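Undergrad: One structure, as structure tokens, below. Some questions next.
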Amino acid sequence: MVDAGIEEDDLLVIERNCPASEGNIVVALDQDNQNTLKRFAGYDEDSECYLLSYENEDKYPGAVIKVRSFKVQGVARHVIKAL
């Protein structure tokens, strides 16, 4: 998530029990019950899938995960950097 300003060893403040809006960084539980931290990129009508995008263009250029369903565990609200 380096392109979103989130790096290894950073701490995130996650708001639980709230809906996700397009563009939010979410902790998502996917259809395989795996947690992932991705940007919620909306819903694709053509493929009937939700879009979760990576925030690391160097490592995953243009990569998007398409899922039929997912559960928002929380929305990232703040990043705390290590000293």
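All of the numbers you see were taken from the coordinates with simple rules; none came from a lab. Because the structure is a prediction, the values reported are computed rather than measured. A quick note on method: Cβ atoms are made from the backbone with ideal geometry, for glycine too, and the neighbour counts reach across all protein chains shown.
Undergrad: Say whether the condition of being in contact (Cβ under 8 Å) with a residue 40 or more places away in the chain, in a strand (DSSP E or B), out of contact with any Phe, Trp or Tyr (no Cβ under 7 Å at 6 or more places or on another chain) and more than 19 Å from Asp3 (Cβ to Cβ) is met by at least one residue in the range 22-39.
TA: No, there is no match, as no residue in the range 22-39 is in contact (Cβ under 8 Å) with a residue 40 or more places away in the chain, in a strand (DSSP E or B), out of contact with any Phe, Trp or Tyr (no Cβ under 7 Å at 6 or more places or on another chain) and more than 19 Å from Asp3 (Cβ to Cβ).
Undergrad: Right, another one. Being surrounded by fewer than 18 Cβ atoms within 10 Å (Cβ to Cβ) and of a type in the set (A, V, I, L, M, F, W, C) is the filter here; which residues of the range 18-39 pass it?
TA: Once the filter is applied, which keeps residues that are surrounded by fewer than 18 Cβ atoms within 10 Å (Cβ to Cβ) and of a type in the set (A, V, I, L, M, F, W, C), the range 18-39 yields Cys18, Leu29.
Undergrad: Could you check how many residues of the range 40-62 are assigned to a loop (DSSP other than H, G, I, E, B) and either loosely packed, with under 13 Cβ neighbours inside 10 Å or touching a helix residue (DSSP H, G or I) at 6+ places or on another chain (Cβ under 6 Å) (or both)?
TA: 11
Undergrad: Still on this structure, I have one more. Among residues belonging to the range 6-17 that are touching a Lys or Arg at 6+ places or on another chain (Cβ under 9 Å) and either aromatic (Phe, Trp, Tyr) or in a loop (DSSP other than H, G, I, E, B) (or both), point out the one that is surrounded by the fewest Cβ atoms within 10 Å (Cβ to Cβ).
TA: Asp9
Undergrad: Also, quick follow-up: Going through the range 63-79 one residue at a time, which ones are in contact (Cβ under 8 Å) with a residue 24 or more places away in the chain, surrounded by fewer than 15 Cβ atoms within 10 Å (Cβ to Cβ) and farther than 19 Å from Cys18 by Cα?
TA: Matches in the range 63-79: Arg68 only.
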